[in-house]
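Q: Got a structure for you, questions after.
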Amino acid sequence: MSVCQTPIIVALDFPTREAALALADRLDPSLCRVKVGKELFTSCASDIVTTLRDRGFEVFLDLKFHDIPNTTAMAVKAAAEMGVWMVNVHCSGGLRMMSACRETLDKLAGPVPLLIGVTVLTSMERDDLAGIGLDIEPQEQVLRLAALAQQAGMDGLVCSALEAPALKAAQPSLQLVTPGIRPAGSAQDDQRRILTPRQALDAGSDYLVIGRPISQAADPAAALANVVAELG
Ligand SMILES: O=C(O)c1cc(=O)[nH]c(=O)n1[C@@H]1O[C@H](COP(=O)(O)O)[C@@H](O)[C@H]1O
């Protein structure tokens, strides 16, 4: 499987560069991409992205930007200049914010990252939405934000694979990046809207984000190989 074909993105959620690179050393860049999120980036800054790229990985920079349109667009531009493969912002920042990001990326010369909108976090369920004043099913809110993302020209969405069938019907142009992936028998942790890798792919996910089931496994390379085998 070449790097362009694998749907697997391994989340490098670690506190230090050393811990992240120790896992990266055990992963084959032809079998997965990697994700650098808030914990790792806050401790290492852009150096970790450069290092992972030098080791052959395509990098999803998951900082979930959520700010006024200009600030968010400039952050996305900085991510593009870092050479990341994918970057995300919160859809709840609104249409003008997402459009500003799209327009800014479109003005850049050369390849730009996939621009992805985070809908409803996979750790949230209906009760959590009620707690922030949204009396709505997660899927309904995801579909609402998806329409906004499509209007803004986003490349795709972060959502649960549970919403993939409805999203593929409503917004077929958007690529679906789905965390909350749990191989059968693994701990749910703080995730709530979860599916197995095979179920997620069958539901219509384009990319599967997998963290702890691989990063905390006794043998991460074997855990990745098991997911690859499950996906066939
Ligand atoms: O944008 C993300 O990547 C993301 C969005 C979301 O709704 N849920 C979610 O879990 N994530 C990220 O996906 C990864 C999931 O990690 P595990 O729960 O360990 O598999 C973490 O790095 C989260 O920050």
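Coordinate-derived values only; no laboratory data. Bear in mind the structure is a predicted one, so any value in this text is a computation, not a measurement. All Cβ positions, glycine included, derive from the backbone under ideal geometry; neighbour counts span all protein chains shown.
Q: What fraction of the DSSP beta bridges in the chain is antiparallel, stated in percent and rounded to the nearest 5? Please list the in-between numbers first.
A: On the way: 0 of 26 bridges.
Of all bridge pairs located within the chain, approximately 0 percent are antiparallel.
Q: Return the calculated 222 nm mean residue ellipticity for the chain, to the nearest 500 deg cm²/dmol, obtained by summing -39500 (n - 2.57) across DSSP H runs with n ≥ 4 and dividing by the residue count. Write out the running numbers ahead of the final one.
A: Details: 11 runs with 101 residues, N = 232.
Value at 222 nm, helices only: -12500 deg cm²/dmol.
Q: What helices does the chain hold that run 18 Å or longer along their axis, going by alpha-carbon atoms, with a Kyte-Doolittle average of -1.0 or more, using DSSP H for the helix calls? Provide the component values of the computation, followed by the final result.
A: Working: long enough: 69-82 (20 Å, 0.22); 138-152 (21 Å, -0.05).
Qualifying helices: 69-82, 138-152.
Q: Using a 10 Å cut-off around each Cβ, can you sort Ser215, Ser43, Ser92, Ser205 from fewest to most neighbouring Cβ atoms? Can you show the working numbers first?
A: On the way: Ser215 20, Ser43 14, Ser92 17, Ser205 26.
Fewest-to-most ranking of Ser215, Ser43, Ser92, Ser205: Ser43, Ser92, Ser215, Ser205.
Q: Roughly what would the spin-label model give for Arg212 and Asp135, points 7 Å off Cα along C-beta, in nm?
A: Between Arg212 and Asp135, the simple spin-label model gives 3.3 nm.
Q: Something else about it: At q = 0.08, 0.09, 0.10, 0.14 Å⁻¹, what log₁₀ I(q)/I(0) does region 8-231 have when each alpha carbon counts as one equal point scatterer in the Debye sum?
A: -0.27, -0.34, -0.42, -0.86
Q: Hey, can you grab everything whose amide H is under 5 Å from the amide H of Glu137? Only 5+ residues off in sequence or another chain; H modelled, so Pro and N-termini drop out.
A: It is none; the list stays empty.
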